[in-house]
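Step one of this worksheet: look at the structure below.
The values are calculated or read from the model by the stated rules, or taken from the named source; none is laboratory data. Quick caveat: nothing in here was measured; it's all calculated off a predicted structure. Cβ sites come from the backbone with ideal geometry, for glycine too, and all protein chains shown count toward neighbours.
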Amino acid sequence: MASTEGPRSIEPTGRVLDYTTRFERFLEDRVAPIEAELATKGAGSSAVPTLDHDGRMHPAVQEAREQVRREAGALGFYAPNISAKFGGGGFSRVEMHHVEEFVYRNSGLGLGLAALAWTEGPSPAHEYLSPAIRQQYLDPIVSGQMSTGFANTEPSVGSDFLAMGTHAVKDGSDWILNGTKKWITSAAFSDTFLVTCVTEPGAGTKSLSMFLVDANDPGFRRGVDNPSMMNDGLTGELHFDNIRLPAERCVGEIGSGFALAMSWINWRRLCRGGMCAGWGSWLVDRAIEHAQQRTSGGKPIGELQAVQHLIAQMDLDTYQARATSLVAQAELDQLGPFSIPLEREAPRLISLVKVINDEAFYRVADRAVQVHGAEGLSLGSPEEKLFRVARNLRIPAGTTEIQYNAISRGRLRNKLSG
Ligand SMILES: Cc1cc2nc3c(=O)[nH]c(=O)nc-3n(C[C@H](O)[C@H](O)[C@H](O)COP(=O)(O)OP(=O)(O)OC[C@H]3O[C@@H](n4cnc5c(N)ncnc54)[C@H](O)[C@@H]3O)c2cc1C
């Protein structure tokens, strides 16, 4: 297929097509055998992992995910989102939409998902790690040899994270970190975390800083698991008790923690486009297949208009949300999707991508369950799992209501400033 590489093009570029062609082979040649081996271990699967006695993802499932991540890193699949100068692929957001859509569409709920940097992988904020620690941390995180996480939310603050309690105090040239984080993805497993904390109380958006914390730092402790309806054993608490951090562990500059946290969060928001398009079209295909096989009154249920309309609604939601993602991300590629400070127009566009995709995908997942009847409600079916995932998506990385705030702020500000 010819590629179109115009400045606002939403088509997959040549390097996206190269990535997806090679990724398809990677799924067959490398991921499928790891999945087959995992199936022999009685540990569940990546979609429905058995949990250990602490409620955490079974270590064998986590090890399989890490193996896929490391192999993907070695073959150049893991970090297309990171700038080429830091060892990543340097892909634009439109290119990333296509990559994410392909990975989600073709991995379904399997281990292939671990091949592409997600919350345990390198983010735009990691590009601000100080030169002194890049070799030790940035290089292995980008190559998938080391994992990471983002620790922002606390027991008493989520949306309102400027009110956080975790703080760092200067001691000579070092910083002493204290606090507790909650609902942190990969809390039990990651090697490092980007931790936001207060360094200048009362300074508003300049009050926070971000530090890289190593799980081997004295004073770092993994806390209890925070089980959710996802039931994946991945989310938990972290405790920081007088962790001494040298100045080079500060990410960016002191006072830039809020902007850096937003760059991480905005990255997660934009990833919703490809993810919901990929999983959405997978669910549409599965619904069509089921509607052709399942019969009622001697005919496939796909011949019933009621079922046809469910499928049409799934299709239109998926198409509409995907189109929004591609158009908005093309616009964001012009603005600089993660620049600090962000262009004025960017937050509204980023929130449009998140809220439109999350809400559309929730309807798609709900209708997918409906088409499958009791099978769709059955524990462990892709429809049942993705319905729970879809419900979850509307809260992390900024709730739906927080996206509405950003969208209306963008519009009202333009109106008020003429
Ligand atoms: C599975 C999972 C994984 C997560 N992973 C991470 C992670 O890796 N790292 C991390 O730091 N956090 C993580 N989180 C936390 C997540 O980011 C927060 O749950 C989210 O930001 C919402 O915060 P909250 O849960 O405290 O809800 P709250 O902020 O308490 O919100 C409660 C309700 O009030 C509404 N509300 C609050 N403030 C406003 C406002 N200003 N305007 C309008 N409505 C408002 C919300 O929309 C919501 O309906 C994770 C959460 C889950 C469930």
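Is it fair to say Leu162 is more than 17 Å from the chain's Cα centre (by Cα) and part of a helix (DSSP H, G or I)? Spelling it out, Leu162 is indeed more than 17 Å from the chain's Cα centre (by Cα) and part of a helix (DSSP H, G or I).
The set of residues from segment 262-278 being among the aliphatic types (A, V, I, L, M) and either in the same structural domain as Pro201 (by TED's automatic domain parsing) or touching an Asp or Glu at 6+ places or on another chain (Cβ under 8 Å) (or both) comprises Met275, Ala277. Suppose we keep only residues that are assigned to a loop (DSSP other than H, G, I, E, B) and within 23 Å of the chain's Cα centre (by Cα) within segment 27-70. Which one would you say is surrounded by the most Cβ atoms within 10 Å (Cβ to Cβ)? Restricting to residues being assigned to a loop (DSSP other than H, G, I, E, B) and within 23 Å of the chain's Cα centre (by Cα), the top hit is Ser46.
Gly144 meets each of the listed conditions (1) in a loop (DSSP other than H, G, I, E, B); (2) away from the ligand (no atom under 16 Å from the Cβ); (3) more than 23 Å from Leu234 (Cα to Cα) apart from (3).
Any residue that is more than 14 Å from the ligand (Cβ to nearest atom), over 17 Å from Gly273 (Cβ atoms) and modelled with pLDDT of 95 or more - is there at least one of those in segment 387-398? Yes, because at least one residue in segment 387-398 is more than 14 Å from the ligand (Cβ to nearest atom), over 17 Å from Gly273 (Cβ atoms) and modelled with pLDDT of 95 or more.
Look at segment 156-175: where a residue is in the same structural domain as Gly204 (by TED's automatic domain parsing) and a partner is of a type in the set (Lys, Arg), sitting 6+ places away or on another chain with Cβ atoms under 7 Å, you get Thr166/Lys181; Asp174/Arg244.
Residue-wise test of (1) among the acidic types (Asp, Glu); (2) free of Cβ contacts under 8 Å to residues at least 12 places away in the same chain; (3) assigned to a helix (DSSP H, G or I).
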position	(1), (2), (3)
Arg344	no, no, no
Leu349	no, no, yes
Lys354	no, no, yes
Glu359	yes, no, yes
Ala365	no, no, yes
Phe387	no, no, yes
Asn392	no, no, yes
Gly398	no, no, no
Tyr404	no, no, yes
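Of the residues making up segment 88-117, those that are part of a helix (DSSP H, G or I), within 12 Å of Tyr19 (Cβ to Cβ) and among the hydrophobic types (A, V, I, L, M, F, W, C) are Met96, Val99, Phe102, Val103, Ala115.
Here are some residues: Val364, Val389, Val327. Which one is β-branched (Val, Ile, Thr), assigned by TED's automatic domain parsing to the domain that holds Val284 and within 21 Å of Ala291 (Cβ to Cβ)?
Among Val364, Val389, Val327, only Val364 is β-branched (Val, Ile, Thr), assigned by TED's automatic domain parsing to the domain that holds Val284 and within 21 Å of Ala291 (Cβ to Cβ).
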